Amino acid sequence: MERSEAHGFSAAMSGAFLLSCLLFAAVNRQQRGPYMDEAFHVPQAQAYCHGRFLQWDPMITTLPGLYLVSVGVVKPAAWLFGWTGSVVCSAGMLRFINLLFGAGNFYLLYLLLFKIHHKNKAVSRFQRILSTLTLAMFPTLYFFTFLYYTDPGSVFFTLFAYLMCLYGNHKTSALLGFCGFMFRQTNIVWAVFCAGNVVAEKLNEAWKTELQKKKDEKISSTKGSFSDLIRILQFLIEYLISPKNLVTLTALTWPYIILVTAFFVFVFINGGIVVGDRSSHEACLHFPQLFYFLSFTVFFSFPHLLTPTKIRKFLLSLQKHPVQYSLIALISLFLIWKFTYVHKYLLADNRHFTFYVWRKVFQRHELVKYVLVPVYIFAGWSFADTLKSKSIFWILMYFVCLLAVTVPQKLLEFRYFILPFLIYRLNIPFVSLYRQLLELAFYIVVNAVTFHLFLNRTFQWPNSDEIQRFMW
């Protein structure tokens, strides 16, 4: 990092952290006690603070990574600064852990953007810093920086694992992947993603060699027709059934293999992926979750995905391939018809934005979910189009992980989309400075509205004196 860029990055990170501290103080003044899921997380962390490591709230469904890290930070700080009494593991002190994770995520996002796009000399230092600031302000993640939830820590360890993977430190990456798994079990998918990066790189090298033998220089053309896709799948199968290739890949990815093996042992012993209360977290084939994620991504990345040029390209693609798009539409309609699930929490909890999205959009009429299929198709096409700079094997690997992390979830919950969105957003090309500024301005507006609603638009349920707040 050059000196001018280092100064610019330090100024952006310091300014963002100062703003977050001011907002953190406002949140803690308005909501001093635990709110929503904090009612489970805060007492559990406080039990750990008092050395009661065998005490466990059966309503908690994630592993104790957040609480262990919290004790590991708060206890030494309390000893160092002489804190005593209830302040040591108060809700405010525990929330501050996530503020620290937020600062760590800011730094990791910058390092990942630098590593992934280092070959693109057209990207200026200012654009890199601006893009980092934008992603650090990503509304769904940024909001939970101020509450004691698992999301900031989950994102931190997963992004750290991804960074180490890109630098070839796979043992460190797998260890960090384990830490991410301890925050949320589904993060095992992103450990597989890290291993998949290694596999995709080897596959791409072998595929280029294969094309060179056939004197076919344009590897990007393989992303076009259906017959070319069949060729790639045949090559993939032939490559992966070769004992020599399997030995090579195993030698490269063995830390991740050990981690995934440990995960399956955990699932076998635990009797499932969820710890604690499983009644509300049953896995199912909820294929429309992919459509919701694509819509979510278009909404938050519209300067990248929703442009006049892309719309024209999409319409031209429709004209060229009407049969393929008709087939995709029919499959989408079938998946929506047979695999749409509505979780009881989605219908019952009017504190979450998803409650209003579902009620105002999907519950307007029975046919709405089918009418939205053209929107989903455009979102999917635009999403894939922005990834065309990546190798076909990377794209296949990412989509497999995306399906694995979204489809089994019965509950429509925007927090589940944070990591797949960030990994997607990190890997797409940079856009013009104007569009970057538009994206940042949009995130700032969304965050301002979100925190205004949370802090100032409180309400109460009938037969309850407790203050309720709107949130993601």
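When the stretch 52-69 is examined, which residues are found to be part of a loop (DSSP other than H, G, I, E, B) and open to solvent by 50 Å² or more (accessible area, probe 1.4 Å)? Spell out how you get there, then give the answer.
The first filter runs over the stretch 52-69 and keeps only residues part of a loop (DSSP other than H, G, I, E, B), leaving 52-64.
Passing the criteria: Arg52, Phe53, Leu54, Gln55, Trp56, Pro58, Met59.
Being in a helix (DSSP H, G or I) and basic (Lys, Arg) is the filter; apply it to the stretch 161-212 and report the residue that is modelled with the lowest pLDDT. Looking at the filtered set, the residue picked out is Lys208. A residue that is within 15 Å of the chain's Cα centre (by Cα) and more than 30 Å from Ser326 (Cα to Cα) can be found somewhere in the stretch 425-444. Selection within the stretch 398-427: residues that are of a type in the set (A, V, I, L, M) and closer than 16 Å to Ala136 by Cα. The member of this set that is surrounded by the most Cβ atoms within 10 Å (Cβ to Cβ) is Leu419. Phe268 fails exactly one of the following numbered conditions: (1) among the hydrophobic types (A, V, I, L, M, F, W, C); (2) within 25 Å of the chain's Cα centre (by Cα); (3) open to solvent by 50 Å² or more (accessible area, probe 1.4 Å). What is the number of that condition? Against the list (1) among the hydrophobic types (A, V, I, L, M, F, W, C); (2) within 25 Å of the chain's Cα centre (by Cα); (3) open to solvent by 50 Å² or more (accessible area, probe 1.4 Å), Phe268 comes up short only on (2).
Candidates in the stretch 82-100 are the residues that are assigned to a loop (DSSP other than H, G, I, E, B) and among the hydrophobic types (A, V, I, L, M, F, W, C); of these, the one that is nearest to Phe40 (Cα to Cα) is Cys89.
Would you pick out the residues in the stretch 393-431 that are under 26 Å from Ile129 (Cβ atoms) and outside any helix (DSSP H, G or I)?
To start, the set of residues in the stretch 393-431 that are under 26 Å from Ile129 (Cβ atoms) comprises 394, 398, 417-431.
Passing the criteria: Ile428, Pro429, Phe430, Val431.
Selection of the stretch 337-392 for residues being basic (Lys, Arg), part of a loop (DSSP other than H, G, I, E, B) and open to solvent by 60 Å² or more (accessible area, probe 1.4 Å) yields Arg364, Lys388.
Per-residue answers, yes or no, for (1) more than 23 Å from Val449 (Cβ to Cβ); (2) free of Cβ contacts under 8 Å to residues at least 12 places away in the same chain; (3) of a type in the set (Asp, Glu):
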residue: Arg351; (1), (2), (3): no, no, no
residue: Val371; (1), (2), (3): yes, yes, no
residue: Pro374; (1), (2), (3): yes, no, no
residue: Leu387; (1), (2), (3): yes, no, no
residue: Lys390; (1), (2), (3): yes, no, no
residue: Phe399; (1), (2), (3): yes, yes, no
residue: Phe414; (1), (2), (3): no, no, no
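Candidates Phe362, Phe414, Phe393: the one that is more than 30 Å from His118 (Cα to Cα), among the hydrophobic types (A, V, I, L, M, F, W, C) and modelled with pLDDT under 95 is Phe362. None of Arg32, Arg3, Arg52 is among the basic types (Lys, Arg) and within 28 Å of Leu455 (Cα to Cα) except Arg32. Scanning the stretch 47-61 for residues that are among the polar types (S, T, N, Q) and in contact (Cβ under 8 Å) with a residue 60 or more places away in the chain turns up just one, Thr61.
Which is open to solvent by less than 70 Å² (accessible area, probe 1.4 Å), out of contact with any Asp or Glu (no Cβ under 9 Å at 6 or more places or on another chain) and either farther than 30 Å from Ser432 by Cα or part of a loop (DSSP other than H, G, I, E, B) (or both), of Ala47, Ala122, Ala103, Ala77? Don't jump to the end; show me each part of the working.
Working: Ala47 fails: out of contact with any Asp or Glu (no Cβ under 9 Å at 6 or more places or on another chain); Ala122 fails: open to solvent by less than 70 Å² (accessible area, probe 1.4 Å); Ala103 fails: either farther than 30 Å from Ser432 by Cα or part of a loop (DSSP other than H, G, I, E, B) (or both).
Result: Ala77 is the single residue among Ala47, Ala122, Ala103, Ala77 that is open to solvent by less than 70 Å² (accessible area, probe 1.4 Å), out of contact with any Asp or Glu (no Cβ under 9 Å at 6 or more places or on another chain) and either farther than 30 Å from Ser432 by Cα or part of a loop (DSSP other than H, G, I, E, B) (or both).
Among the numbered conditions (1) assigned to a loop (DSSP other than H, G, I, E, B); (2) open to solvent by 30 Å² or more (accessible area, probe 1.4 Å); (3) under 30 Å from Leu453 (Cα atoms), the only one that Leu19 does not meet is (1). Before we move on, is Tyr110 buried (at least 19 other Cβ atoms within 10 Å of the Cβ) and not small (Gly, Ala, Ser)? The answer is yes for Tyr110. Does Phe293 fit the bill of being part of a helix (DSSP H, G or I) and surrounded by 19 or more Cβ atoms within 10 Å (Cβ to Cβ)? Yes; evaluated as a whole, the condition is true for this residue.
Would you say Val431 is closer than 13 Å to Ser301 by Cβ, at pLDDT below 95 and either of a type in the set (A, V, I, L, M) or open to solvent by less than 50 Å² (accessible area, probe 1.4 Å) (or both)? Yes; evaluated as a whole, the condition is true for this residue.
The values are calculated or read from the model by the stated rules, or taken from the named source; none is laboratory data. Because the structure is a prediction, the values reported are computed rather than measured. In this analysis, Cβ positions are derived from the backbone assuming ideal geometry, glycine residues included, and neighbour counts consider all displayed protein chains. For the accessible areas, the whole protein counts, side chains as well, though only heavy atoms, and no ligand, DNA or RNA atoms are used. Shrake-Rupley method; radii C 1.70, N 1.55, O 1.52, S 1.80 Å.
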